[in-house]
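Enquirer: Below: one structure in structure tokens.
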Amino acid sequence: MHSYPVFEGNSQAFSIQEIPSCSPIGVFDSGVGGLTVLRQVYQQLPNESVIYFGDTAHLPYGIRSQKEILGYVREILNWMEQQGVKMVIMACNTSSALTLETVRLEYKFPILGMISPATKFAVNVGKRIGVIATPATAKSNAYRQAIMELKVNVQVWQVSCPEFVPLIEQNRLHDPYTLAVAKSYLEPLLAQEIDTLIYGCTHYPLLEPIIKTLIPNHIHLVDPAVHVVRVCQRELEILNIKNRLLPMPTRFVVSGSPQQFSQSGTPWLGYTPLVEQFSVPYSLR
Ligand code: DGL
């Protein structure tokens, strides 16, 4: 039996006839963080076509209000709906924490979030769980709540890491300043002797090389990208909408600078993506 939940998303609301299997999967984030999810899609679902949206004009999401983020997320989902996506992975913990439950009721395609798949895995490997996240995700308490809902005997500590996303978007991954910042964020978690660390923001696995130098080897690192894509695979199977044709090349669309996204994304993708500019509707300017 598989260890991952089925119907993690809102798939039960959809009938097979409504969703053509050759349609793309939509993946979105505020910036390059969602590329950690896209890489998992390439590994686990190599036959699927993907449309990736980076809302770089509005990042970081982690310091914004729920109302603002909900506005951006609806705009992205409306656009994805127009592109005919068959499923969406909200490759952003902040919007998963603050908007997922609301928008799932508003769209006719399944929407998967980052938090639930990761927590279900984490409680199987650890008892003292640390979560590093954006200020908005940490403040929302979404990880603690998701873990508590599983009714397991586990302790959770969440740390807000406001400086990580801007440093990652600026490609300062190997900067000594980034290392010092990472050390200061991890110290309180290490003081609690955590046995598991969840990357509560899709940008953070990009810092794994430095994070690994700062924590003991026995700590389990949980990358939610791995787990959300497993759930996605399962849901495509349940709905019988896995792509059976040749996949299309990934389409990248951003609301900010295509050049900057292309530059920051290249090392993570292993190729230089062709990036389109999204014109921001007047309502969001
Ligand atoms: N990568 C996103 C997340 O997982 C958003 C980070 C941000 O824009 O602050 O939360």
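Enquirer: How many nm separate the modelled label positions at GLU81 and GLN170, each set 7 Å beyond the Cα in the direction of the Cβ?
Expert: So the label points at GLU81 and GLN170 sit 3.8 nm apart.
Enquirer: How many nm separate the modelled label positions at SER184 and SER279, each set 7 Å beyond the Cα in the direction of the Cβ?
Expert: Spacing of the two 7 Å Cα→Cβ label points: 4.3 nm.
Enquirer: Which residue fluctuates most in the GNM of the chain (Cα springs below 10 Å): VAL103, VAL159, VAL226?
Expert: Maximum fluctuation in the GNM of the chain, among the listed residues, is at VAL103.
Enquirer: Which residue, ALA180, ALA146, ALA122, tops the fluctuation ranking in a GNM of the chain built on C-alpha contacts under 10 Å?
Expert: Greatest mean-square fluctuation among the candidates belongs to ALA180.
Enquirer: Turning to a different aspect of this structure: Let me check against my output: what whole-number percent is the relative contact order of the range 88-215, with C-alpha pairs under 8 Å and at least 6 apart?
Expert: Details: 170 pairs, mean separation 38.7, N = 128.
Across the range 88-215, relative contact order equals 30 percent.
Enquirer: Straight-line reach from LYS120: which lysines have Cα under 20 Å away, leaving out those fewer than 8 places along the same chain?
Expert: Of all the lysines, those that pass the test against LYS120 - Cα under 20 Å, at least 8 places apart if same chain - are LYS151.
Enquirer: Remind me, relative contact order of the chain in percent, using alpha carbon pairs under 8 angstrom and six or more residues apart?
Expert: On the way: 516 pairs, mean separation 80.3, N = 285.
Taking the mean separation of contacting Cα pairs over the length of the chain, I get 28 percent.
Enquirer: Within the set LYS67/LYS108; LYS139/LYS212; LYS108/LYS139; LYS139/LYS183, which residue pairs have Cα atoms separated by over 27 Å?
Expert: In this structure, LYS108/LYS139 exceed 27 Å between Cα atoms.
Enquirer: Taking the Cβ of LEU221 as the center, what net charge do the other residues with Cβ under 9 Å away carry, scoring Lys and Arg +1 and Asp and Glu -1?
Expert: Summing Lys/Arg as +1 and Asp/Glu as -1 gives -1.
Enquirer: I would also like to ask the following. Using a 1.4 angstrom probe, figure out how much accessible area the chain has per residue, in square angstrom, rounded to the nearest whole.
Expert: So the chain comes to 44 Å² accessible per residue, rounded to a whole number.
Enquirer: Report in % the part of the accessible area of the chain that belongs to carbon and sulfur, leaving out ligands and nucleic acids; probe 1.4 Å.
Expert: 54 percent
Enquirer: Let me ask something else. Ignoring everything except DSSP H segments at least 4 long, calculate the 222 nm mean residue ellipticity for the chain; use -39,500 (n - 2.57) per segment, divide by total residues, nearest 500. Show your work: numbers first, answer last.
Expert: Details: 11 runs with 120 residues, N = 285.
Rounded to the nearest 500, it is -12500 deg cm²/dmol.
Enquirer: Rounded, prolate or oblate: which fits the range 90-195 when a ≥ b ≥ c are the square roots of the eigenvalues of the alpha-carbon gyration tensor, with rounded for a/c under 1.5 and prolate only if a/b beats b/c?
Expert: In terms of gyration-tensor shape, oblate.
Enquirer: What shape does the range 167-285 have by the C-alpha gyration tensor, where a ≥ b ≥ c are the square roots of the eigenvalues, rounded means a/c under 1.5, and otherwise prolate means a/b greater than b/c and oblate the rest?
Expert: On the way: a/c = 2.22, a/b = 1.34, b/c = 1.66.
Judged from the Cα gyration tensor, the range 167-285 comes out oblate (a/c at least 1.5, b/c at or above a/b).
Enquirer: Compare the Cα positions of ALA138, ALA122, VAL275 along the charge dipole of the chain (+1 at Cβ of Lys, Arg; -1 at Cβ of Asp, Glu; about the Cα centre) and return the one farthest towards the positive end.
Expert: Value: ALA122.
The values are calculated or read from the model by the stated rules, or taken from the named source; none is laboratory data. Being a predicted model, the structure only gives us computed values, none of them experimental. Cβ coordinates were reconstructed from backbone atoms using ideal geometry, including for glycine residues, and neighbour counts include every protein chain displayed. Just the protein is used for accessible areas: all its heavy atoms, side chains included, with ligands, DNA and RNA removed. Shrake-Rupley method; radii C 1.70, N 1.55, O 1.52, S 1.80 Å.
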